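As structure tokens, the structure follows; a few thoughts come after it.
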Amino acid sequence: MKRIGCALLMLALLLTLPMGCKHKEGTLKRVELHEVTRSVFYAPQYVALNLGYFEKEGLEVSITTSGGSDKAMTALLSGDADICLAGPETAVYVYNAGQEKHPVVVGQLTKRDGSFLLSRTDEPGFTWESLKGKTIIGGRKGGMPLMTLCYVLRQHGLTPGMDVEVIDSIQFNMMGPAFEGGTGDYVTLFEPTATQMQNAGKGHIVANVGLESGSIPYTAYLVTPEKLEKDPETVTAFLRAVYRAQQWCATASDEEIARAMEPSFPDTSLESLMIVAHSYRETDSWKRELTMEAEDYARLLDVIDGAGELSARPPFGELVDNGLAEVIQNES
């Protein structure tokens, strides 16, 4: 992607101002953020919101939960969202569809799949090979949860559609209810839903998909080229708040993270939030920096390609702009 010369010049001037003081006193700039789903997996984002990091950057961030990367991307492209938190695969699809003004990734939040595999029965000796002949609710066709699951299955010698039936017709936010209603032998779910279902006796967590898939740029912040060019100050302020939260989460305790997230999960107990915070920390699921690595991006394309959803491999520089993230990280 071509760099935004004049915008970066303006940004350089803006960055000379004191941090957190780029707005008129008593006013906050509203930012519409659309997230793919509401999950503890995105803890640094809720930390930034609930600990006031966005506000200190002069922003009032309103979060809408879209219920799918496709819906979050639609909101971004239509102008309903200023920024969207979604799987980078959506930007790949838009680029390969030939849209000239395709969205770009400006910051990465998570570094591996955040879903857990739940079984209807407790399986202390679970192995991925034991899934042969079973049925799994895997998510929406073309979405990262499904594609990563299939990537892991192939790594264990299982061919989706032949050795394992993988259901790809259920929307992300309906996977839990479908499993609870009797569909499938297994389901992949994010937290806190996975722990909530296990605590309610409706399933048993038997595996972590992210540990099997390896490092993948799973969830990222995307903006349109127009937003990046015309309003780099707002994008920078937003990313700076998220980066501060990333750094805080890296050293905070499980209880501190859980309490910081609690206002965003009113129906989830503090104990459950602590459990899942510990789980995601133990699996090194949260990024500690905003920048996306080219090697991880290449693995993302491999996952999409393996699912038969990749018509071309967009160059890293066309879909990822680490410019603002690098400036922010160099401030500290």
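Read the figures in this text as sums done on the coordinates, not as results from a lab. The model shown is predicted, which means the values in this text are computed figures rather than measured ones. Ideal geometry is used to build each Cβ from the backbone, glycine not excepted, and the neighbour counts take in all protein chains shown.
When the residues of the range 162-175 are filtered to those that are out of contact with any Lys or Arg (no Cβ under 8 Å at 6 or more places or on another chain) and among the hydrophobic types (A, V, I, L, M, F, W, C), which remaining residue is surrounded by the fewest Cβ atoms within 10 Å (Cβ to Cβ)? Step by step, filter the range 162-175, then rank; the result is 162. Per the listing 154, 112, the residue uniquely over 25 Å from residue 231 (Cα atoms) and under 15 Å from the mean Cα position of the chain (by Cα) is 112. For the range 106-163, the set of residues classified as farther than 27 Å from residue 277 by Cβ and among the acidic types (Asp, Glu) consists of 129, 163, listed by residue number. Those helices (runs of 4 or more DSSP H) of the range 234-332 in which 2 or more residues are under 20 Å from residue 198 (Cβ atoms) occupy 254-261, 270-282.
Within the range 170-190, the set of residues being in contact with a strand residue (DSSP E or B) (Cβ under 7 Å, 6 or more places away or on another chain) and within 18 Å of residue 41 (Cα to Cα) comprises 175, 176, 187, 188, 189. Looking only at the range 263-309, filter to residues that are loosely packed, with under 15 Cβ neighbours inside 10 Å and of a type in the set (Gly, Ala, Ser); which one of those is farthest from residue 149 (Cα to Cα)? The qualifying residue farthest from residue 149 (Cα to Cα) is 294. Please verify whether residue 268 is under 19 Å from residue 244 (Cβ atoms), touching a residue at least 12 places away in the same chain (Cβ under 8 Å) and β-branched (Val, Ile, Thr), treating the condition exactly as stated. For residue 268, the condition - under 19 Å from residue 244 (Cβ atoms), touching a residue at least 12 places away in the same chain (Cβ under 8 Å) and β-branched (Val, Ile, Thr) - is not met.
Scanning the range 176-192 for residues that are part of a helix (DSSP H, G or I) and crowded, with 24+ Cβ neighbours inside 10 Å turns up just one, 179.
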